[in-house]
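Notes follow the structure.
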Amino acid sequence: MRIAYDVTPLSHPRTGVGNYVLGALRGIAEASAGESDLVAFGPVSIRGRPLLERALNGVPAEQRFLTVPFAHATRRAWSRLGRPPAERFVGRFDVLQFTDWMYPPQRAGVRATMIHDLGPLKYPEKLHPRTVRMHTANAQQARGCDIVFTNAEFTAEDIVETLGIPRARIRVAHPGIDPAFTREGERHDAGRPYAFTTATLDWRKNLETVRAAWAPLEGELALVALGDLGYVPHERLPALYRGASVFVYPSRFEGFGIPVIEAMACGVPCVVSSHPSLDEASGDAALRADPDDPAALAEAVHEAIARRGELVERGLEHAGRFTWLETGRIHLQGYADAL
């Protein structure tokens, strides 16, 4: 099987989508054990190409990149015009999988995509109009795909209800955890005990509620927030998790919530939003709290610290269920079913 996989999100600093793309590629390569050929492709900017090449270092995939001066405009124009077909750039393939950054045309083969969440469709007033337009167009394109992957049962149900895609064409491929996220290793030193949160000023990530919750906690714990640190390279995250007394994830809506299982894998008790989109990431290993109730978050932080030993052990067991190898197996089976 020859699989053409759009890797354009890796031409930007990695966040959740890019991490999933890279993990899924590695998982597909491992699961196929050399029986499938992976082709990583996409139009990327001059500045983004080195990031893309570094991210894919060591991934056994043929690279077919087109370097262009206005990559975003090129991707959208290619998607809208519907020509030339992807075969012109990557050759013959059995499967083409595109991301939510573009929907390239193709002559033949299985057409597949990934939907991480439907936040831009459900909360358009909270996001930049360009983001909403891009994700709306790609969600509509998913209706014509042979197979649609998503990272949680919650999102699969959302796709059926919102987009009308039959459940039989949807595959849930939970994310995995990179090997760097382990209990042992370097620990960040904040000078005193601290809580870590990946919350930012983005409405969904909800840093303002965490800050409001910290008034009664400030004397006990410092707050180290990703939204205050700026962009943190993926390689620095394990140390930030490990050094924390507790991890706080107050998101109002998610596709899955990869940071939750990363924190668990690093041996940190977790306080997680009670929104149902985070049920699968949390399992029975996290304490849950209303993401818009600062007092409830503060109370859950106190409880998580008191129950640290129990929650750490539960978290390690829960996080151990998520592997990129399994993600890759689900992708390969989905492709095979659609051929």
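The values are calculated or read from the model by the stated rules, or taken from the named source; none is laboratory data. Given the structure is predicted, the values throughout are model-derived calculations rather than measurements. Here the Cβ is made from the backbone with ideal geometry for all residues, glycine too, and neighbour counts use every protein chain on show.
A few notes on this one:
- In the range 5-18, the qualifying residues are those that are in contact (Cβ under 8 Å) with a residue 60 or more places away in the chain and surrounded by fewer than 22 Cβ atoms within 10 Å (Cβ to Cβ), and the one that is nearest to His116 (Cα to Cα) is Val17.
- Looking only at residues in the range 173-189 that are crowded, with 17+ Cβ neighbours inside 10 Å and hydrophobic (A, V, I, L, M, F, W, C), the one that is nearest to Asn19 (Cα to Cα) is Ile177.
- Test: residue in the range 39-56 that is in contact (Cβ under 8 Å) with a residue 60 or more places away in the chain and crowded, with 16+ Cβ neighbours inside 10 Å: yes
- Residues that are exposed (fewer than 15 other Cβ atoms within 10 Å of the Cβ) and not aliphatic (A, V, I, L, M), drawn from the range 68-78: Pro69, Phe70
- Only listed residue being closer than 24 Å to Val21 by Cα, touching a residue at least 24 places away in the same chain (Cβ under 8 Å) and either out of contact with any Gly (no Cβ under 9 Å at 6 or more places or on another chain) or crowded, with 18+ Cβ neighbours inside 10 Å (or both), chosen from Leu311, Leu325, Leu332, Leu339: Leu332
- Residue list for the range 91-102, restricted to those being modelled with pLDDT of 95 or more and either of a type in the set (A, V, I, L, M, F, W, C) or under 21 Å from the mean Cα position of the chain (by Cα) (or both): Phe93, Val95, Leu96, Gln97, Phe98
- Checking each residue of the range 210-221 against the condition of being acidic (Asp, Glu) and not in a helix (DSSP H, G or I) gives at least one match.
- Residues of the range 238-252 include at least one that is of a type in the set (A, V, I, L, M), under 30 Å from Lys126 (Cα atoms), in contact (Cβ under 8 Å) with a residue 40 or more places away in the chain and in a helix (DSSP H, G or I).
- Close Cβ contacts (under 7 Å, 6 or more residues apart or on different chains) running from residues in the range 181-192 that are of a type in the set (Phe, Trp, Tyr) to residues that are surrounded by 15 or more Cβ atoms within 10 Å (Cβ to Cβ) and assigned to a loop (DSSP other than H, G, I, E, B) comprise Phe181/Cys266.
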